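Below: the structure, in structure tokens.
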Amino acid sequence: MKVITRFAPSPTGYLHVGGARTALFSYLYARHHGGQFELRIEDTDAVRSTEASVNAIFEGMNWLGLEHDSEVKYQSKNLARYHEVIDQLLDKKQAYYCDCSKERLDKIREQQMKNGEKPRYDGKCRGLGLEKSVDSIIRFKTPQSGEVHFKDGVRGDITVANAELDDLVIARADGMPTYNFSVVVDDADMGITHVIRGDDHINNTPRQINIYQTLGLPVPEFAHVPMILGDDGARLSKRHGAVSVMQYSEDGYLPEAVLNYLVRLGWSHGDQELFSKDEMVQLFDLSGVNKSPSAFNTTKLKWINQQYMQQADDLRLVGLVQVRLQTLGVDLPTEINLTQVVNMFKERAQTINELVDMSLFLLQPLEAYDEKAEKKAFKESAIEPLKAVMVKCEMIDDWVNADLHQLIADVVAELEVGFGKVGMPVRLALSGQAQGPANDEIMHVLGQNESITRLDLALKYLLQKFK
Ligand code: GLU
């Protein structure tokens, strides 16, 4: 049997972390078994579904590299098929029109709640053989006895008595099929063999299985994946920060790092943390999926991203840095070599955005000196070393190959002072900060002109200050 899985988002917002993880698990399961992975847009809710959300879902899937095999299926374009199956059920008296008013339904619900019972439709119209009317809905005749049993790929055996279920609505008064019905028709038509989805749908599964069985369709395997919690233990939501997958792109994460993070969110393989996509495909199985919810952990995501940044090709990082600089509206000085910049910070930065933040002092004119550092490093005694370094810089013919570390060491020797007496003011003059990469590295990246300009500016600043 060929495995066919699907991801079936409702396009009512961006692709969020939970959805992306569900998609990833379905994708990996299919790829692991040499099967197919499909994408279906569940857009029958015309009010809440938007084209922007559909595009956001495509964008997110694309960014993560979760490619699907067949054309995308849209539920909104499949209404005729749902009605065909609904008519079939009506003909066979496996479904019926119900004209119970909202008031009546509210009343019985109220009464049931009062009696401590589970609210459910009481089946009033089930045997009435009503004809279609303006505001009648269609209900499915759930078997009144027996039970539904399925073996969930994550949770194990699940049994629900049909007495617990009621006659669910399969079409609303406006003719729109409901989720529980259309999902069955589509999963069956698409030949889905394994439904992997969030466990918020676990209560729907017995209802769906009854529909499969009534229609004489093969029932797929189900696996319900536990939800994702925020670091405070509540269900992951916007208030925990970035929840949209594309937000991670904007925040400077690499897609393979996010993918790696997502696969570990609720799945494990020994204590291995880093997985290439090929490895995920090779190793993924439902037996490794946790039964309990997993908590989102930004610190870990950052760590994983850092690992991938360190391995990433410099050219690629340069490209991503350029995109980020464009977003920030920073024009690149002509003398700057971004590969050098990337190499300077890629060990330290955990995201592209962090890398760019760390390197902005090299790419933009210095606006101010760090106040604390200035008190320590910009004393009157800094004038002479700064001047000496500047003069030596001016004399260099071949900046690229110059030993700038030696240049500073020479000044230290000539002035007979400690290294800090030269190094600290030079660093502050070049970077505006007390900490950061080595002075010679900064000077190499800045280039000769800009290094001299910065040293000169600092000198003028000090001469003015100690006039
Ligand atoms: N459209 C449903 C959702 O986004 C899909 C559920 C399913 O996978 O069956 O929750």
- Query: Out of the stretch 1-26, which residues are in contact with a helix residue (DSSP H, G or I) (Cβ under 9 Å, 6 or more places away or on another chain), more than 10 Å from the ligand (Cβ to nearest atom) and either among the basic types (Lys, Arg) or without any contact (Cβ under 8 Å) to a residue 40 or more places away in the chain (or both)?
  - Reply: Arg21
- Message: Here are the criteria: (1) of a type in the set (Gly, Ala, Ser); (2) under 30 Å from His83 (Cβ atoms); (3) under 17 Å from the mean Cα position of the chain (by Cα). Tell me which single one Ser244 does not satisfy.
- Response: (2)
- When the residues of the stretch 1-43 are filtered to those that are of a type in the set (Lys, Arg) and part of a helix (DSSP H, G or I), which remaining residue is least open to solvent (accessible area, probe 1.4 Å)? Arg21
- Residue selected from the stretch 32-50 under the condition among the polar types (S, T, N, Q) and within 11 Å of the ligand (Cβ to nearest atom), by the criterion nearest to Tyr14 (Cα to Cα): Ser49
- Query: Which is open to solvent by 10 Å² or more (accessible area, probe 1.4 Å) and free of Cβ contacts under 8 Å to residues at least 12 places away in the same chain, of Val54, Val47?
  - Reply: Val47
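So, Thr214, is that one away from the ligand (no atom under 12 Å from the Cβ), open to solvent by 10 Å² or more (accessible area, probe 1.4 Å) and within 21 Å of Ile41 (Cβ to Cβ) or not? Talk me through it step by step, then tell me what you get.
Values: away from the ligand (no atom under 12 Å from the Cβ): yes; open to solvent by 10 Å² or more (accessible area, probe 1.4 Å): yes; within 21 Å of Ile41 (Cβ to Cβ): no.
Spelling it out, it is not the case that Thr214 is away from the ligand (no atom under 12 Å from the Cβ), open to solvent by 10 Å² or more (accessible area, probe 1.4 Å) and within 21 Å of Ile41 (Cβ to Cβ).
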- Selection from the stretch 84-111 of residues that are assigned to a helix (DSSP H, G or I), of a type outside the set (D, E, K, R) and loosely packed, with under 15 Cβ neighbours inside 10 Å: Gln88, Gln111
- Query: So which of Asp278, Asp199, Asp251 ends up being over 22 Å from Glu59 (Cα atoms), of a type in the set (Asp, Glu) and out of contact with any Leu (no Cβ under 9 Å at 6 or more places or on another chain)?
  - Reply: Asp199
- Item | Complete set of residues in the stretch 183-232 that are modelled with pLDDT under 95, part of a loop (DSSP other than H, G, I, E, B) and of a type in the set (A, V, I, L, M, F, W, C) | Met227
- Message: Consider the stretch 112-138. How many of its residues are open to solvent by 90 Å² or more (accessible area, probe 1.4 Å) and under 16 Å from Ile170 (Cβ atoms)?
- Response: 2
- Message: Regarding the stretch 152-167, can at least one residue be identified that is hydroxyl-bearing (Ser, Thr, Tyr), under 16 Å from Tyr96 (Cα atoms) and away from the ligand (no atom under 15 Å from the Cβ)?
- Response: no
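The values are calculated or read from the model by the stated rules, or taken from the named source; none is laboratory data. These figures come from a predicted structure and were not determined experimentally. Don't worry about glycine lacking a Cβ; one is built from the backbone with ideal geometry, like all the others, and counts go over all protein chains shown. These area figures cover heavy atoms from the full protein model, side chains too; ligands, DNA and RNA do not enter into them. Shrake-Rupley method; radii C 1.70, N 1.55, O 1.52, S 1.80 Å.
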